[in-house]
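In what follows, a structure is listed as structure tokens, so that the remarks can point back to it.
The values are calculated or read from the model by the stated rules, or taken from the named source; none is laboratory data. If you're wondering where the values come from, they're calculated on a predicted model, not measured in any experiment. Reconstructed Cβ throughout: ideal geometry from the backbone, glycine too, with neighbour counts over all protein chains shown. Please note that ligands, DNA and RNA were not included when accessible areas were found on the heavy atoms of the full protein model with its side chains. Shrake-Rupley method; radii C 1.70, N 1.55, O 1.52, S 1.80 Å.
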Amino acid sequence: MSKYRIANWRAHNANNLDAIKDLADNSIDSIVTDPPYEIAFMNSDWDNSGQAYNEQLWRECLRVLKPGGHLIAFGATRTIHRTTSAIEASGFEIRDLISWLYFSGFPKSHNLDGEWSGFGTGLKPAQEPAVLARKPIEQGSIAKQVLSTGTGALNIDGCRFGYGDACWIGPQEKPHWEIGTSRGNVGHKLSESSQIINTCPNDIGRWPANIYQCAKPSRAERDAGLEHLHTIGGGSYEFSRDVTLQDNSPNGRQQPQVKNFHPTVKPIKLMRWLCRLITPPSGTVLDPFAGSGTTLAAAILEGFDVIGFELTAEYMPIIEGRCQWAIEEYKRENAQLSMLDWMEASK
């Protein structure tokens, strides 16, 4: 029976700029994080602090990443440009923009009926962008850098979109084999100036795109591993449809009863895909804005070591519970895979 590796994880209740200075140069393989969006979400101070634009923090992230290491950082559609600019100014190369797509957002629009009937002030939110950046390579080529440090490239095959997986919003049927060129087609061979329009379809799925669709996390996903914690009233009203409600708020409104009360939790499926995309096997992921620990749980489920920093002490029991749940879930998933490997080898 094949063996599997249990990830190591650390979560620190600390200011990220102070804590990251204790990490060694070139010691981290990837950074996957969800900083404040700086839009004063729910009139909060933490989401209007300018942390996401702090070039000093991103320079520290650059320092601890191995050459060629990638960083993924989320932001709001109207503020991601400022986060991206700060990351680029710190020394990163901007590689792409990844959009998480979902279809459960609520329009936040001022109704102008009576003045301009049918007009409003906002669109329905259905995406959250994340900048993909890379620390410059030092070995002269991507191939040499990957051979030297394991960093520099993306895990394409490990992140392909399986046919039928709703993470891809386009056609689900397996594409046909086809190659086209824009110029330089010499006979039946492609010259160096040729452009491949479509490659031979791969049995394991489509080439990963810079969009990824999945639903926001359910309450069950958010609270997994937190059975030992007290249920409290709070959280976002957006998720009140799948939680218990009680009339316990000061203004008489019903409040959702939750264990994970962090207001902006990302889906584990999404964060697993992002960790897998930019982290080499057995690598170490860093999350400077750990929140409720979704990145940490996702990294553990993928078999990566992970380090997280979170300033808010009240989130630490949530992070710890979710990470312990992820370890047990990882053991369960891999024990099943190991048994299948053993059965196949025994045939």
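Per-structure values
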| quantity | calculated |
| --- | --- |
| Cβ crowding within 10 Å averaged over residues, with 127-140, 8-21 ranked highest first | 127-140, 8-21 |
| Accessible area in square angstrom per residue, region 40-150, 1.4 angstrom probe | 54 Å² |
| Approximate spin-label separation Ile39-Asp203, in nm, with each point projected 7 Å along Cα-to-Cβ | 4.4 nm |
| Protection-proxy order for peptides 113-125, 71-83, each taking the mean of Cβ atoms within 10 Å per residue, highest first | 71-83, 113-125 |
| Cα-only Debye scattering, region 5-95: base-10 log of I(q)/I(0) at q = 0.24 Å⁻¹ | -1.33 |
| Principal axis dimensions, region 117-165 - Cα atoms, whole angstrom, descending | 62, 31, 12 |
| Spin-label zone in region 201-229 - amide nitrogen under 16 Å from a point set 7 Å from the Cα of Ile142 along the C-beta vector | 207-210 |
| Reachable aspartates and glutamates, given that their alpha-carbon falls under 20 Å from the alpha-carbon of Lys174 and they are not under 8 places away in the same chain | Asp157, Asp165, Asp203 |
| Reciprocal mean inverse distance between Cα atoms of region 81-142 - Kirkwood radius, Å | 15.0 Å |
| With all protein chains modelled, accessible area of Ile278 [1.4 Å, Å²] | 10 Å² |
| Kirkwood hydrodynamic radius over Cα pairs of region 56-163, then Stokes diffusion coefficient at 20 °C and 1.002 mPa s, in µm²/s | 130 µm²/s |
| Relative contact order (percent, whole number), region 57-157, Cα cutoff 8 Å, 6+ residue spacing | 39 percent |
| Exceeding the 24 Å Cα-Cα cut-off - candidates Lys108/Lys266; Lys144/Lys269; Lys21/Lys66; Lys124/Lys266 | Lys144/Lys269 |
| Order of exposure, largest accessible area first, which applies to Phe106, Phe92 with probe 1.4 Å | Phe106, Phe92 |
